[in-house]
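Following: one structure in structure tokens, then a few remarks.
What follows is calculated from the coordinates using simple rules that are stated; it is not laboratory data. Please read these numbers as outputs of a predicted model, since none were measured by experiment. Because the Cβ atoms are built from the backbone with ideal geometry, glycine has one as well, and the counts that use them run over all protein chains shown.
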Amino acid sequence: MTIPHVGGLFLQLSLWDLVESSGPLPKAVMVILLIFSLLSWSIIFSKWAVFRQARSANRAFLRSFRKAAALEAVAMASEQYRRSPLVVVFDFGYNEVARQMKSRGSVTNPLALERTLQLGLSEEITRLERNMSLLATTATVSPFIGLFGTVWGIIDAFQQLSTAGAASLRAVAPGISEALITTALGLAAAIPAAIFYNVFGSAIKEFGSRMEDFILEFLNLMERSFES
């Protein structure tokens with residue numbers, strides 16, 4: 001980093017030198033922001049892989065489901081599509097159908113079946129939303145943590161300037177540069193978290209809509225399977 005001096009000279013400061021020369025509190029702020037950033041990126045990579053696999057499994061499972069003539073055939077084929085959120089909904093519905101068939105010999109309570117399917121949908125949405133709150137927290141809180149470190153660093157820089165006895169850019173520039181690093185780190189942690197929180201939020205809504213549609217397809221297949 002090059003900081004111009006009022007007299008035409010230049011003060012050469014590397015980013016690492018600024019970090020090393022920071023006080024205990026700015027360093028603590030940087031560590032906190034680094035932890036937030038690492039956690040958010042681990043969630044981003046993990047969810048990206050999970051959602052990609054879920055989409056692929058959904059497509060494959062739907063093809064198999066729509067070709068099947070009865071629920072039993074789907075149940076046997078569903079084991080190879082365990083990464084599909086639709087399979088979770090199917091399992092809830094199929095278990096309820098099996099329970100009613102075992103106790104009454106037929107599906108006599110379609111309302112209970114619909115509620116069970118909705119429970120499966122809710123459980124899968126909850127699983128897909130896991131750790132999303134950490135992305136939201138990182139996006140919301142990190143800029144303020146960085147700003148806190150910046151304000152503290154600027155206060156410290158002006159305190160050093162007051163004891164230096166002369167107002168010069170050379171005296172205050174390193175302290176201000178150190179302070180601004182925390183703002184940059186806060187934004188670096190917050191921006192990706194905010195972007196992917198919105199991307200994943202849209203993906204979860206899409207999964208929810210597909211599961212809602214699948215519930216209708218399940219009920220239709222159930223009626224065809226057990227109609228007399």
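Observations, loosely collected:
- Normalised by 2.2 N^0.38 Å, where N is the number of residues, the C-alpha radius of gyration of the stretch 25-171 stands at 1.86.
- In terms of packing, defined here as the mean over residues of other Cβ atoms within 10 angstrom, the peptides 107-118, 210-221 line up highest first as 210-221, 107-118.
- Given their separation in residues at 0.36 nm each and the Cα-Cα distance between them, SER56 and ARG104 gain 13.6 nm when the chain is fully extended.
- Two-site FRET efficiency, PHE158 against LEU134, from Cβ-Cβ distance with R₀ of 35 Å, rounded to 0.05: 0.50
- For the stretch 190-199, 3J(HN,Hα) per residue [Karplus equation, 6.51 cos²θ - 1.76 cosθ + 1.60, θ = phi - 60°, Hz, x = Gly/Pro]: 6, 5, x, 4, 5, 4, 6, 4, 5, 4
- Additional length obtainable on full extension of the chain from LEU38 to LEU147, 0.36 nm per residue less Cα span: 37.3 nm
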